[in-house]
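The values are calculated or read from the model by the stated rules, or taken from the named source; none is laboratory data. Because the structure is a prediction, the values reported are computed rather than measured. Note that each Cβ is placed from the backbone with ideal geometry, even for glycine, and that neighbours are counted across all protein chains shown.
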């Protein structure tokens, strides 16, 4: 919530509306967030991107962190069980479908539908480019002709008071 006085010209110079990520953006965010994480080969990030409609970038990052933490927890538990055996580490530590399913259990969308409608109204009110594109209005300026003299302005050739003649 911003006071209208803060939104006058010269105060906050630009207000930028960034919509929720679409499908390709969600997939890109997932890939970027998980690029250094070992993911099981049977986990299609494109499928996860489809299932996360309405998630913000921060929501997706939190979702990935939950899945990674679940994988770490399982890897630690597996190590504790194997400590008494031969001491060899053959746990993969990969983030599997099970870990993503667990992350979905705690996943949430931080932006509600009512908030999206409010942001859209805000955008319509304060973004002149969006407003003009939506309504078809635009600022039409009548520019002078290319001679630079404008309509009807002429110079008198025989003016005696001309200082530069």
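Within region 6-45, can you find the residues that are in contact with a strand residue (DSSP E or B) (Cβ under 9 Å, 6 or more places away or on another chain) and more than 18 Å from residue 56 (Cα to Cα)?
Residues of region 6-45 in contact with a strand residue (DSSP E or B) (Cβ under 9 Å, 6 or more places away or on another chain): 34, 37-40, 43, 45.
Scanning region 6-45 gives 37, 38, 39, 40, 43.
Pull up region 49-66, narrow it to residues that are out of contact with any helix residue (DSSP H, G or I) (no Cβ under 6 Å at 6 or more places or on another chain) and part of a helix (DSSP H, G or I), then point me to the one that is surrounded by the most Cβ atoms within 10 Å (Cβ to Cβ).
Here is the first cut: in region 49-66, the ones out of contact with any helix residue (DSSP H, G or I) (no Cβ under 6 Å at 6 or more places or on another chain) are 50-51, 53-56, 58-59, 62, 65.
Filter once more, keeping what is part of a helix (DSSP H, G or I): 50-51, 58-59, 62, 65.
Details: 50: 12, 51: 12, 58: 11, 59: 20, 62: 18, 65: 14.
Top of the filtered list is 59.
So residue 28 clears everything in (1) assigned to a helix (DSSP H, G or I); (2) modelled with pLDDT under 95 except one condition, right? Which one?
(2)
When you go through (1) touching a helix residue (DSSP H, G or I) at 6+ places or on another chain (Cβ under 9 Å); (2) part of a loop (DSSP other than H, G, I, E, B) one by one for residue 16, which number turns out not to apply?
(1)
Output the qualifying pairs, or none if there are none: Cβ atoms under 9 angstrom, residues six or more apart or on different chains, first residue in region 95-119 and touching a residue at least 60 places away in the same chain (Cβ under 8 Å), second residue assigned to a strand (DSSP E or B) and surrounded by 17 or more Cβ atoms within 10 Å (Cβ to Cβ).
Once the first residue is touching a residue at least 60 places away in the same chain (Cβ under 8 Å) and sits in region 95-119, its partners that are assigned to a strand (DSSP E or B) and surrounded by 17 or more Cβ atoms within 10 Å (Cβ to Cβ) give 95/39.
With 79, 102 as the choices, which residue is at pLDDT below 90, assigned to a helix (DSSP H, G or I) and more than 17 Å from the chain's Cα centre (by Cα)? Break it down into steps so the answer makes sense when it comes.
Numbers: 102 fails: at pLDDT below 90.
Among 79, 102, only 79 is at pLDDT below 90, assigned to a helix (DSSP H, G or I) and more than 17 Å from the chain's Cα centre (by Cα).
For region 26-42, enumerate the residues that are surrounded by fewer than 17 Cβ atoms within 10 Å (Cβ to Cβ) and either in contact (Cβ under 8 Å) with a residue 24 or more places away in the chain or under 21 Å from residue 74 (Cα atoms) (or both). Write out each step before concluding.
Applying the first criterion (surrounded by fewer than 17 Cβ atoms within 10 Å (Cβ to Cβ)) to region 26-42 yields 28, 31-32, 35-38, 40-42.
Hits for region 26-42 are 35, 36, 37, 38, 40, 41, 42.
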